[in-house]
1. Check 60, 89, 71, 101 and return the single one that is over 20 Å from the mean Cα position of the chain (by Cα) and touching a residue at least 40 places away in the same chain (Cβ under 8 Å).
2. Taking the range 145-169 as the region of interest, how many residues are under 22 Å from residue 202 (Cβ atoms) and crowded, with 16+ Cβ neighbours inside 10 Å?
3. Among the residues that make up the range 2-18, is at least one of them in contact with a strand residue (DSSP E or B) (Cβ under 7 Å, 6 or more places away or on another chain), within 22 Å of residue 135 (Cα to Cα) and surrounded by 15 or more Cβ atoms within 10 Å (Cβ to Cβ)?
4. Collect the residues in the range 1-18 that are within 23 Å of residue 160 (Cβ to Cβ) and modelled with pLDDT of 90 or more, keeping them in residue-number order.
5. Residue under question is residue 138, and the condition is that it be buried (at least 19 other Cβ atoms within 10 Å of the Cβ) and over 14 Å from the mean Cα position of the chain (by Cα); does it hold?
6. Can you pull out every residue in the range 74-92 that is crowded, with 18+ Cβ neighbours inside 10 Å and either in contact with a strand residue (DSSP E or B) (Cβ under 7 Å, 6 or more places away or on another chain) or under 19 Å from residue 149 (Cβ atoms) (or both)?
7. Just to check your reading of the model, which residue among 186, 159, 171 is in contact (Cβ under 8 Å) with a residue 24 or more places away in the chain and touching a strand residue (DSSP E or B) at 6+ places or on another chain (Cβ under 6 Å)?
8. Could you figure out which of (1) in contact with a helix residue (DSSP H, G or I) (Cβ under 8 Å, 6 or more places away or on another chain); (2) buried (at least 19 other Cβ atoms within 10 Å of the Cβ); (3) in contact (Cβ under 8 Å) with a residue 40 or more places away in the chain isn't true of residue 228?
C-alpha cells in the first residue's frame with residue numbers, strides 16, 4: 001500500500017527580484033518537514049518548480065507573471081546552424097559525467113566565473129560548505145557534466161537527474177577571453193541534452209524563460225521547446 005504525501009507550500013515575504021531591480025518577488029516553497037523531497041521533486045519539477053540547494057521553489061509574485069517554466073523535448077531537438085558550429089569548435093573538448101562535489105578544482109572555477117560575470121552579486125565563494133548549500137542536496141541525484149581541454153577544467157554544468165528528465169541547475173565556466181569563442185554556456189546545454197538522450201529521458205528542464213530579458217535570450221534557441229501555461233505544457 002502506497003502512503004499519500006500531502007504537499008504543503010509556503011509563500012515567502014516579498015524580496016528584491018534578481019532580474020528586474022525595480023520589482024519584488026515572492027516564491028512558493030515546498031515544506032519538506034516530512035522529508036519527502038526525493039519522492040515529490042519530479043512531480044514538482046513537472047509543475048514548474050526549481051531547486052536551489054535543498055529548497056524547492058517556484059516564483060509566485062503579486063504583480064508579475066514573467067517567469068515561465070521551460071523545457072526541451074529531447075527526442076525532437078536538433079541543433080541549429082549556430083549550435084552545430086559550437087559543437088564543431090569544441091570537438092577537441094572532453095565531456096565527462098562525474099559525481100557532484102565541492103573540491104578545490106570546482107570551487108576555483110566557480111569563483112573565477114562569478115567574479116568575472118556577476119561581480120558584487122554575493123554569490124562568490126571559495127567555501128566548500130557554502131557552495132554545497134547553494135547547489136547540492138542529499139535527496140536528489142545531482143551530477144556534474146564536466147568539460148575539459150586536456151586536463152584543464154573549463155566548465156561545469158550542475159544537473160539533476162530525475163525519472164522525468166534532467167534539470168539544468170547552474171552552469172559556470174572559465175571566463176578567460178581566450179575561451180570566449182567556444183560559447184561554453186551553449187556547449188554545456190548541448191552536453192546536457194546529449195546526457196538526457198543517452199539516459200533515455202524525455203526532457204531537459206531549463207528553468208525559467210523571461211520574455212524581453214536579455215539574460216534569457218540563449219534559452220530561446222534550443223528548440224523545440226515547451227512552456228508551462230495554465231492549461232499545461234504547450235509548444236512555444
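1. Details: 60 fails: over 20 Å from the mean Cα position of the chain (by Cα); 71 fails: over 20 Å from the mean Cα position of the chain (by Cα); 101 fails: over 20 Å from the mean Cα position of the chain (by Cα).
Criteria check complete, one pass: 89.
2. To start, the set of residues in the range 145-169 that are under 22 Å from residue 202 (Cβ atoms) comprises 145, 157-169.
If we keep only those that are crowded, with 16+ Cβ neighbours inside 10 Å too, we end up with 145, 157-162, 165-169.
So the count comes out to 12.
3. Looking for residues that are in contact with a strand residue (DSSP E or B) (Cβ under 7 Å, 6 or more places away or on another chain), within 22 Å of residue 135 (Cα to Cα) and surrounded by 15 or more Cβ atoms within 10 Å (Cβ to Cβ), one finds at least one in the range 2-18, hence yes.
4. The answer is 8, 9, 10, 12.
5. Numbers: buried (at least 19 other Cβ atoms within 10 Å of the Cβ): no; over 14 Å from the mean Cα position of the chain (by Cα): yes.
Spelling it out, it is not the case that residue 138 is buried (at least 19 other Cβ atoms within 10 Å of the Cβ) and over 14 Å from the mean Cα position of the chain (by Cα).
6. Kept after step one, since they are crowded, with 18+ Cβ neighbours inside 10 Å, are these residues of the range 74-92: 74, 77, 83, 86, 90.
Once the filter is applied, which keeps residues that are crowded, with 18+ Cβ neighbours inside 10 Å and either in contact with a strand residue (DSSP E or B) (Cβ under 7 Å, 6 or more places away or on another chain) or under 19 Å from residue 149 (Cβ atoms) (or both), the range 74-92 yields 74, 86, 90.
7. 159
8. (1)
The values are calculated or read from the model by the stated rules, or taken from the named source; none is laboratory data. Everything numeric here is computed off the predicted structure, so don't read it as measured data. Reconstructed Cβ throughout: ideal geometry from the backbone, glycine too, with neighbour counts over all protein chains shown.
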